[in-house]
Amino acid sequence: MLTKTLAGTTVEVNDEGFFVDADQWTEDMAPELAEEIGVPTPLTDQHWVVLKYMRSEYFEKGTGPTVRKLGKASGVTTKELFKLFPKGPAKQAALCAGIPKPRGCI
Amino acid sequence: MSDLKKLVILGAGTGGTLAANRLRKKYKRDKLQIDIVDQNNQHVYQPGLLFIPFGLTDPDDIVRKRDRQLHKGINYHQTAISSVDVDANSVSLEDGSSLQYDVLLIATGAVLQPEETEGLTGPGWMETVFTFYDMEGSTALAEKFDDFESGHLVINVIDMPIKCPVAPLEFAFLADWYFTDKGVRDDVKITYVTPLDGAFTKPTASATLSSLLEEKNIDLVTEFNTGEVDGEACKLIGYDGTEIDFDIAVVIPLHGGAEYVNNSPDLGDELGFIPTDNATLQSKVRPNIFVLGDAADLPASKAGSVTHFEGEVLVENMERFLDGREPDVEFDGHANCFIETGFSKALLIDFNYENEPVTGHYPGLIGLPLLKESRANHLGKLMFQSFYWHGLLPGRDIPGIGPNMPKSGKKQPVSS
Ligand SMILES: Cc1cc2nc3c(=O)[nH]c(=O)nc-3n(C[C@H](O)[C@H](O)[C@H](O)COP(=O)(O)OP(=O)(O)OC[C@H]3O[C@@H](n4cnc5c(N)ncnc54)[C@H](O)[C@@H]3O)c2cc1C
């Protein structure tokens, strides 16, 4: 297992940088994660709406939502989501929100 | 007091039909009344849609009457469903009538939602932009392919979930065969465009399928998120502004649950799929509602084979429920898909919630090769149509094949 240090704390990540244990994440790690993967910073209120939604979905369903679900349920449109997380909202938001890589669909 | 229970089944496609027939065999008519509703009387063998554009199947060969697939003693209602009232245990139908139930089975599948993507159904729809996911699209495409001899064919999956996630790849492989057979393959460029980060969702299968694409000279574009389709300028436009030009685009539109779900309070999720227990197939909405097939929000493939394996589990759990016991028979997410690769060959993949598709043989050490092209698999795929009408829908079991995924005969992947 790989580890990295964020906001002074050591956390476990997989080979793509996704958290292994969502409980190791704290809010002050998000800006650093965002910067690393090219999410525009400083993080806006809208970014935070999405990150909080990602975490609540993860804890409820066991996996992060897809872009479509995110677009329908978070109140942020798909177009806006791609402005906030240009390289793919589902993945980038999951990474910043400190949840494991979404399983996606099968 | 009568002990007649009322079961209402919504949708008489793959799942609704097989469940109705299995339950009719199990229960006397004075114990269980079965009513089933569908909006039309055309039961399409959907895997056959893949073959129509290439002239390998005629539309007439894959459609049968829905009511003819149902055993005697099942009441068939041909009308659209308007809504379900989960508190009143009642279904409203478009013809103005309603049906009361003791137990409800939802099997209304997934619908295509092309209008959800900007421009997709605008100018060029069915002229330069097609889908093969319904009868209208696949027959229009057959005509278009007839005199298409050079240009860029782009196959694009807009986003998951979709029915039969391997079908778009099969389409690309068959297109390679079709244009080779026509002698114009050098003049037809084929590109496969997906929002996923590989050819397929599961790592081992994805690697095999990527190398097949490469072997067949089909370009692969990953992580493309289609925001708009312009059928006049012939461009796919990504949310990030990247563009892909095409002469023909074959698009797999977004999928959602049936429309009535959104008109039924508390029934579905944001996409119109029904929240369902992964193992028991009982809905999370109400204990007396069960779900079968594509309509469920399960993390399994939306496929006929999955619906078939689910069927056995569902029937047992529904029986337990009707007896006042807990539904505790568990479905493991088993899926089994033939992947047509052109030139009379096919691959086979077999997997479930926990185990990704790997190599080996199915259903045991002696059997069809997994994740490997073979003629036997191609024949398996062709034979499936006959099994569908004569085995699967009437509710017959396949000797030696239970609902759960077999493990013998499989090479387990080295875990990373
Ligand atoms: C192109 C293509 C290729 C495929 N290839 C394969 C394959 O190779 N292998 C495989 O296993 N699977 C394949 N599938 C998937 C397979 O066909 C489906 O997963 C399967 O049919 C699902 O069964 P179902 O009962 O859930 O839904 P369906 O069989 O789609 O039935 C749903 C029914 O509900 C009815 N309905 C919906 N809304 C309403 C309403 N409001 N009122 C009344 N009735 C309504 C519909 O008319 C329909 O009859 C393919 C699908 C497609 C599109």
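Quick note: the coordinates plus some simple rules give every number you see, no bench work behind them. Treat the numbers as computed from the prediction; the structure is a model and nothing was measured. Here Cβ is always computed from backbone atoms with ideal geometry, including for glycine, and neighbour counts include all displayed protein chains.
Residue by residue, segment B:215-231 carries 3J(HN,Hα) couplings of 4, 8, 6, 9, 6, 10, 10, 9, 6, 9, 9, 5, x, 8, 10, 10, x Hz when phi is fed to the Karplus relation 6.51 cos²θ - 1.76 cosθ + 1.60 (θ = phi - 60°); x denotes Gly or Pro.
In terms of surrounding Cβ atoms within a 10 Å radius of their Cβ, B:Ser386, B:Ser138 rank from fewest to most as B:Ser386, B:Ser138.
Can you tell me, using C-alpha contacts under 8 Å and at least 6 residues apart, the relative contact order of chain A as a whole percent? Intermediate values should be presented prior to the final figure.
Values: 149 pairs, mean separation 32.9, N = 106.
Relative contact order, chain A: 31 percent.
Of all DSSP-defined beta bridges confined to segment B:114-254, some 30% are antiparallel rather than parallel. Residues whose amide H falls under 5 Å from that of A:Gly64, counting only those 5 or more places apart or on a different chain, are A:Arg103, with hydrogens built in the peptide plane.
Residue by residue, segment B:158-172 carries 3J(HN,Hα) couplings of 5, 6, 8, x, 10, 5, 6, x, 8, 4, x, 5, 4, 4, 5 Hz when phi is fed to the Karplus relation 6.51 cos²θ - 1.76 cosθ + 1.60 (θ = phi - 60°); x denotes Gly or Pro.
Put a dot 7 Å past the Cα of B:Glu232, heading toward its Cβ, do the same for B:Ser408, and the two dots end up 6.4 nm apart.
Please compare each pair in A:Lys101/B:Lys284; B:Lys28/B:Lys381; A:Lys61/B:Lys372 to a cut-off of 30 Å on the Cα-Cα distance and tell me which ones are over it.
Working: A:Lys101/B:Lys284 25 Å; B:Lys28/B:Lys381 36 Å; A:Lys61/B:Lys372 34 Å.
Violating the 30 Å limit, Cα to Cα: B:Lys28/B:Lys381; A:Lys61/B:Lys372.
Here's how it looks for B:Phe273: its modeled amide H is under 5 Å from those of B:Gly257, which are all 5 or more places away or on a different chain. Across B:Pro369, B:Pro161, B:Pro299, mean-square fluctuation computed from a Gaussian network of chain B (C-alpha pairs under 10 Å connected) peaks at B:Pro299.
Hand me the trypsin sites (Lys or Arg not before Pro) from segment B:135-207 located in a DSSP loop with no more than 16 other Cβ atoms within 10 Å, in residue order please.
Values: sites: B:Lys144, B:Lys163, B:Lys182, B:Arg185, B:Lys189; in loops: B:Lys182.
The qualifying sites are B:Lys182.
Under a Gaussian network description of chain B, with springs only between Cα atoms under 10 Å, the residue in B:Gly16, B:Gly55, B:Gly241 that fluctuates furthest is B:Gly241. The alpha carbon gyration tensor of segment B:113-221 gives principal lengths a ≥ b ≥ c with a/c of 1.5 or higher and a/b no greater than b/c, which makes the shape oblate.
Pairwise alpha-carbon distances in the protein assembly as shown exceed 38 Å for 29% of all pairs.
Output the relative contact order of chain B, whole-number percent, from Cα pairs under 8 angstrom with separation of 6+ residues.
Details: 910 pairs, mean separation 68.8, N = 416.
So the answer I get is 17 percent.
Computed 3J(HN,Hα) for segment B:58-74, one whole-Hz value per residue from the Karplus formula 6.51 cos²θ - 1.76 cosθ + 1.60 where θ = phi - 60°, is 8, x, 4, 6, 10, 10, 9, 5, 5, 5, 6, 8, 9, 5, 4, x, 10, glycine and proline marked x. Against chain B, whose longest principal axis is taken from its Cα atoms, helix B:14-26 shows a tilt of about 30°.
Would you calculate, for chain B, the mean residue ellipticity at 222 nm contributed by helices, counting each DSSP H stretch of 4 or more residues as -39,500 (n - 2.57) and dividing by all residues, to the nearest 500?
Numbers: 7 runs with 89 residues, N = 416.
After summing the helix terms and dividing by residue count, I get -6500 deg cm²/dmol.
Within segment B:327-416, report the GluC sites (Glu not before Pro) that DSSP leaves as loop and that have at most 16 other Cβ atoms within 10 Å. Present the calculation step by step, with values, prior to reporting the outcome.
Numbers: sites: B:Glu330, B:Glu340, B:Glu354, B:Glu373; in loops: B:Glu330, B:Glu354, B:Glu373.
Sites meeting the loop and neighbour criteria: B:Glu330, B:Glu354.
If you plug the beta carbon distance of B:Ala88 and B:Lys372 into 1/(1 + (r/R0)^6) with R0 = 41 Å, you get a FRET efficiency near 0.20.
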